[in-house]
Amino acid sequence: MLKDKVAVIYGAGGAIGGAVARAFASEGARLFLTGRRLEPVEAVVKDVAAGGGTAEAAAVDALDEQAVGRHLRSVVDKAGRVDISLDAIGIPDAKLLGVPLVELDVERFSLPIATYTRSYLLTARLAARHMVPNRSGVIMTVTALHSRTGIPLVGGFGPAMAAKEALTRGLSAELAPQGIRVVGLRPQAMPETGTIREAFEPRARASGMSWEQWQELLAGRTHTRRLMTLDELANVAAFMASDKASGMTGTTVNLTMGSLDD
Ligand SMILES: NC(=O)c1ccc[n+]([C@@H]2O[C@H](COP(=O)([O-])OP(=O)(O)OC[C@H]3O[C@@H](n4cnc5c(N)ncnc54)[C@H](OP(=O)(O)O)[C@@H]3O)[C@@H](O)[C@H]2O)c1
């Protein structure tokens, strides 16, 4: 589905970024993988290479406009263009969760809103500048169901996710007339990721639930009565990035398996 497409992933050393990188590679994409720290990104590059794929690693802070711009120019120098940009960065949940909104320090409230919208805007618009001359490209990001439903003790995370989904619509409204699609992915919690375990801790303290009980609670809200896997998310991401999804833009795919009605 992605034969010869040039894809850049931000946060590629993370659970979602890494899984999507492997799926993109298995569909034939040439990958430029980035993260704040090089080491976890290099581990994903090794995995991709072991599977016969092509990937390069770079340390790029997705909040630094100059660094993202320099990296994209180097991608275009090497590969001739950029076809796909995915912002999959995540900041540690311990910095965000577990404090009621009425008591939450305003800096801690604002952190996810500023961080997630900044990285998405910067990575999207810098990629778009390279895509517009080709009248082709796909810009993607990841959100969570907190964008659309009230969940206690998540601070500014819900507003951050809602803002990213609004930005997906705004970017699409401006860029789709120039041939660029902008789409988001909104997965349900995937328990195999460290992120979800970390997100569980503050709630466990508040409610006295075990890790197993918490997973059961979340799974019970889905129609399938189970939580999704990283591979399932990555397969949808590969489809969304491909020309087979040419009819989709300005939208966020609801991957909550029935937990959240559209
Ligand atoms: N995991 C889930 O089940 C799930 C479900 C729904 C939504 N989400 C959302 O999806 C996103 C990714 O989740 P994840 O589970 O893959 O998180 P993760 O495993 O913690 O990965 C996040 C990655 O982002 C990188 N990163 C953070 N700040 C960065 C920056 N400024 N520049 C470049 N890279 C940066 C981190 O690198 P360093 O470690 O080097 O900082 C890390 O490799 C998050 O927004 C999360 O809330 C996750």
Modelled label reach - residue 129, point 7 Å along Cα→Cβ, the stretch 33-72 residues with backbone N closer than 18 Å:
60-72
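How many percent of the accessible area of the stretch 1-42 is carbon or sulfur, using a 1.4 Å probe? Working shown, then result.
Details: 750 of 1620 Å².
It is 46 percent, rounded to a whole number.
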Can you give the alpha-carbon Rg of the chain over 2.2 N^0.38 Å, where N counts its residues?
0.97
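Which order do peptides 251-261, 26-36 fall in by mean Cβ count within 10 Å, highest first? The partial results should precede the final answer.
On the way: 251-261: 17.6, 26-36: 23.1.
Highest mean packing first, the order is 26-36, 251-261.
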Which one of 228, 161, 209 has the biggest mean-square fluctuation once the chain is modelled by GNM with Cα springs under 10 Å?
209
Say R0 is 22 Å: what FRET efficiency, to the nearest 0.05, do residue 101 and residue 166 get from their beta-carbon distance?
0.65
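For residue 149 and residue 197, calculate 0.36 nm times their separation in residues minus their Cα-Cα distance, and state this gained length in nm to one decimal.
15.2 nm
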Summing -39500 (n - 2.57) over the DSSP H runs of n ≥ 4 in the chain and dividing by its residue number, what mean residue ellipticity at 222 nm do you reach, to the nearest 500 deg cm²/dmol?
-15000 deg cm²/dmol
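Treating the beta-carbon of each Lys and Arg as +1 and of each Asp and Glu as -1, no other charges, what is the dipole magnitude of the chain about its Cα centre, to the nearest 20 debye? Walk me through the intermediate numbers first.
Details: 29 positive and 28 negative charges, 109 e Å.
Charge dipole, the chain, about its Cα centre: 520 debye, nearest 20.
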If unit charges are put on Cβ atoms (+1 for Lys and Arg, -1 for Asp and Glu) and the dipole of the stretch 136-218 is taken about its Cα centre, the option from 136, 196, 213 lying farthest towards the positive end turns out to be 136
Have a look at 178, 145, 113 and report the one farthest towards the positive end of the charge dipole of the stretch 59-205, computed about the Cα centre with Cβ charges (Lys/Arg +1, Asp/Glu -1).
178
Regression test value, accessible area per residue of the stretch 1-97, probe 1.4 Å, units Å², expected 43 Å²
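At 1.4 Å probe size, with every protein chain present, just tell me what the per residue accessible area of the stretch 117-254 comes to in Å².
Details: 6100 Å² over 138 residues.
Averaged over the residues of the stretch 117-254, the accessible area is 44 Å².
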Once the piece of chain linking residue 3 and residue 64 is laid out straight, how much longer is it, given 0.36 nm per residue of separation minus the C-alpha distance between them?
19.0 nm
Two-site label geometry, residue 73 and residue 232: point separation in nm, points 7 Å out along Cα→Cβ
4.4 nm
Chain lengthening between residue 223 and residue 174 when straightened (0.36 nm per residue, less Cα-Cα)
14.1 nm
Each label sits 7 Å from Cα toward the beta-carbon; between residue 81 and residue 216 the label points are separated, in nm, by 5.3 nm
Take the cross-link list 46/164; 164/244; 5/78; 5/244; 78/244; 95/164 and give me the ones stretching past 21 Å between alpha-carbons.
46/164; 164/244; 78/244
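How big is the dipole moment of the stretch 1-51 about its Cα centre under a simple scheme where the beta carbon of each Lys and Arg is +1, that of each Asp and Glu is -1, and everything else is neutral? Debye, nearest 20, please.
Details: 7 positive and 5 negative charges, 17 e Å.
Taking the Cα centre of the stretch 1-51 as origin, the dipole is about 80 debye.
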Say the dipole of the stretch 189-262 comes from +1 at the beta carbon of Lys and Arg and -1 at that of Asp and Glu; which of 222, 252, 236 then lies farthest toward its positive end?
222
Would you tell me the accessible area of residue 244, worked out with a 1.4 angstrom probe on the heavy atoms of the protein chains, in Å² to the nearest 10?
150 Å²
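Can you give me the % of accessible surface on the stretch 178-262 that is carbon or sulfur? Probe 1.4 Å, all protein chains present, nothing else counted. Could the numbers behind the result be given before it?
On the way: 1980 of 4120 Å².
Ligands and nucleic acids excluded, carbon and sulfur reach 48 percent.
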Expressed in whole Å with the largest first, what are the equivalent ellipsoid semi-axes of the stretch 1-150 derived from the C-alpha gyration tensor as the square root of 5 times each eigenvalue?
28, 17, 14
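The values are calculated or read from the model by the stated rules, or taken from the named source; none is laboratory data. Quantities reported herein were computed from a predicted structural model and do not represent experimental measurements. Cβ sites come from the backbone with ideal geometry, for glycine too, and all protein chains shown count toward neighbours. Remember, those area values only see protein heavy atoms, side chains included, never the ligands or the DNA or RNA. Shrake-Rupley method; radii C 1.70, N 1.55, O 1.52, S 1.80 Å.
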